[in-house]
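The values are calculated or read from the model by the stated rules, or taken from the named source; none is laboratory data. Not measured: the values here are computed from a predicted model. Positions of Cβ are generated from backbone atoms using ideal geometry, with glycine treated the same way; all protein chains shown enter the neighbour counts. Accessible surface is based on the protein model in full, side chains and every heavy atom, while ligands, DNA and RNA are left aside. Shrake-Rupley method; radii C 1.70, N 1.55, O 1.52, S 1.80 Å.
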Amino acid sequence: MTLDASRSIAGTRPAYSDAVENRSSEQWTASGGGHTTWQTPGVVWIVVAVIVFVVAVLLGTTYAVRSRSRGGGDRPRRASAVSGPADAPSAAKMSAETAPEATHAVETEAVRNANVAAQSVSRQAPDETAARPGVIETPLGIGGRLPRLRERLARSESALGRGLLALLSRDRLDDATWQDVEDLLLTADVGLPATSDLVSSLRTQAKVLGTRTADDVRALLRNALLDVVDGGLDRNLRVDRGPQGPAVVLVVGVNGTGKTTTVGKLARLLVAQGKTVVLGAADTFRAAAADQLETWGRRVGVPTVRGAEGADPASVAFEAVRAGIEQEVDVVLLDTAGRLHTKTGLMDELGKIKRVVEKRCPVSETLLVLDATIGQNGFVQAKVFAEVVDVSGVVLTKLDGTAKGGIVISVQRELGVPVKLVGIGEGPDDLAPFDPAAFVDALIGA
């Protein structure tokens, strides 16, 4: 029985093992199949290990950066970190060993910034001093302006002079030639009455002269033109102080002719002659006109009387004359707003300015500024302005440019008003008294 029992027990073990295996197999199959249930813990541990490794690498990199920063490799960044509020916790975590070094770095950076600021101030100081107003310029005198006038006019290469010389140099001066001469003068803005007189004078002198050389023709043309341009007119500026007070010069004209610039240049010319001047900024309509005039005056030490933008120009002109009387200056120059000659209301206002000013002091000069390049339109403007404010002289600007030159003859011929000043460039001293001989020589290239 013992043997049987052993056998039965031994025989039952395989059966028991098979049952256990079968039960385990059923559990494995119920869990979803494959090796998922038994291998899932291993995968999780692998993922955790990777995460720990990545975190360790990041922490090691951060520690290396902080160590390099404490070593002094980037002082400006460390100083900024100490002073910046966002990095205050990091600064608080600094060890006692690195704190003195960081403090030294902050002090060093502060000293460096202070030195840079001091150097910047020292570099800017000379520029600020140079930009300060108070440096008075010395304008060029008349003696230095007249040669410049002749040079600029000679470079203008007038088509009028060249054309007249070519026509009068022909072997035969018949009616067709004289008709060409007349057409040329008319296209040069000389005007019909002046053209007729000039052609008649040239024909008479050509007949008397007879045979003509090139020099004879040039001399003939020069004399005829000089008689028309000069006209025996008085071109002196009345800028001497009188018993009633300073000489008052009223400057008028249409928009864009350069009145304010002309007033500033005229002030320089008068200062060069030893005159004392006060400027009146009566152009209260154009933006920055008073600032522009004040800048011109400051450059030569001349005061400017100005009013608020949009103020009554007559009141500003009145105050300028009053200041000139109180300061006992020689000349008061009044700049007025540009206005079209066709605007009756604005022209009446110009007459008002003159009437108000003459309550304190008579107006000695009324200068009309004309653009020499506009031709016969300038003559029409001059005629209307002369009816309102009694123009006593003309200032021609841009005469060294594309001007035809005939406007000089037509204005003087029709109005009996002399051209007293001419603008010959954009420089501050490019305003000169008009010289008829220099003008004619420039026309014919003499």
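Things worth noting here:
- Packing order of peptides 309-316, 320-327, 266-273, highest average first: 266-273, 320-327, 309-316 (average count of other Cβ atoms within 10 Å over each peptide's residues).
- For the range 167-213, the square roots of the Cα gyration tensor eigenvalues, ordered a ≥ b ≥ c, give a/c of at least 1.5 with a/b greater than b/c, which places it in the prolate category.
- In Hz, Karplus ³J(HN,Hα) per residue of the range 253-261 (6.51, -1.76, 1.60; θ = phi - 60°; x = Gly, Pro): x, 7, 5, x, 8, x, 5, 4, 4
- Dmax and Rg, reported as Rg then Dmax, of the range 241-287 (C-alpha, Å): 12.2, 36
- Per residue, the range 151-263 exposes 50 Å² of solvent-accessible protein surface, assessed with a 1.4 angstrom probe and all protein chains in place.
- In this view, the solvent-accessible surface of S364, computed with a 1.4 Å probe and all protein chains in place, comes to about 30 Å².
- Annotation: amide H of G423 within the under-5 Å range of L396, T397, K398, L399, sequence separation 5 or more or interchain, hydrogens built in the peptide plane.
- Under a 5 Å amide H cut-off, with hydrogens placed 1.01 Å from N, G242 pairs with A247 among residues at least 5 apart or on other chains.
- On a per residue basis, the range 266-389 carries 40 Å² of accessible surface, using protein heavy atoms and a 1.4 Å probe.
- The packing ranking of peptides 246-254, 435-443, 296-304, 178-186, highest mean first, is 246-254, 435-443, 296-304, 178-186, where packing means the average number of other beta carbon atoms within 10 angstrom of each residue.
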